[in-house]
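To keep things clear, I will list the structure first and then write my remarks on it.
The values are calculated or read from the model by the stated rules, or taken from the named source; none is laboratory data. Keep in mind the model is a prediction, meaning the values are calculated, not measured. Neighbour counts are summed over all protein chains in view; Cβ atoms, including those assigned to glycine, are modelled from backbone coordinates with ideal geometry.
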Amino acid sequence: MAIQSLSPLASSLFGLLAIASLLLSFVMLGSRWLKNYLYAFAAESWVIAALSAAVGYYSGYSELYLIAALTLLFRGLLLPYLIWRIIQRLAVDREIHVILQPSSSLVVGALFVMFALSVSYRVAAVFHLELTVAVLALTVMLSMKLIGFLMLAVRHEAISQVLGLLVLENGIFLGSQILVPGMPLLIELVILFDLLIVVACFGVLVGYLVTHVGTTSSLELKRLVG
């Protein structure tokens, strides 16, 4: 699939789904309630699954239908369910200790989008893709990566941080679907199963924090410093 040869309908659909994913990242950034994070991540994963199916339809890569189904199953259903079980078991409702308030985080997130847009235009100009959906795909991908890093930096609940990591990875996955839809199927499957390993390790970490520290705040990990 050549980005330059996409029909206006395909470009508009890809752009709409990409923007919806970015807006759901802002929902996570602007809230302190862990269940809101989880619902937004699940919805974001469903949108990315729809994007994979749409790219598969318009590009002719039939393996993307399998990727879309696995994305919906693992990212949209299984991972949110596992994290929801952890939230229920720990009885943690919201983020208490934050460096930036949600309103300030939204402002910083908007600045990140502006920065990502500037970088994307420069990159697209190098490859003569200024008037294609590539600019939007790069902008959303970089913005979601930066928002994921921001969540890792300003949120201290272990659950918030693992969701920030998942948002970061969602951004990379979303961008790859539009920019390099022919990426080998095996690589994409490895990425999906790696997420299960991440969540499993996260569950072990949270269990350790609760058992030995009595909290799920990552600030208490400073006790491990020698």
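Listing for the model above:
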read-out	value
Meets criteria (buried (at least 16 other Cβ atoms within 10 Å of the Cβ), under 16 Å from the mean Cα position of the chain (by Cα) and under 20 Å from V113 (Cβ atoms)) for A49	no
Matching residues, the range 174-186, being surrounded by fewer than 24 Cβ atoms within 10 Å (Cβ to Cβ) and modelled with pLDDT of 65 or more	G175, S176, L179, V180, P181, G182, M183
Members of the range 44-69 that are free of Cβ contacts under 8 Å to residues at least 24 places away in the same chain and not aromatic (F, W, Y)	A53, S62, A68, A69
Which listed residue is assigned to a helix (DSSP H, G or I) and surrounded by 20 or more Cβ atoms within 10 Å (Cβ to Cβ), from V140, V119	V140
Answer from L72, L24, L100, L111 - the residue that is under 19 Å from the mean Cα position of the chain (by Cα), within 23 Å of F149 (Cβ to Cβ) and touching a residue at least 12 places away in the same chain (Cβ under 8 Å)	L24
Failed item in (1) small (G, A, S); (2) closer than 30 Å to S104 by Cα; (3) in a helix (DSSP H, G or I), with A69 passing the rest	(2)
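This table checks each residue for (1) surrounded by fewer than 19 Cβ atoms within 10 Å (Cβ to Cβ); (2) at pLDDT 85 or above; (3) more than 19 Å from Y37 (Cα to Cα); (4) not charged (D, E, K, R).
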| position | (1), (2), (3), (4) |
| --- | --- |
| L136 | no, yes, yes, yes |
| F149 | yes, yes, no, yes |
| V162 | no, no, no, yes |
| N170 | no, yes, no, yes |
| I197 | yes, no, yes, yes |
| F202 | no, no, no, yes |
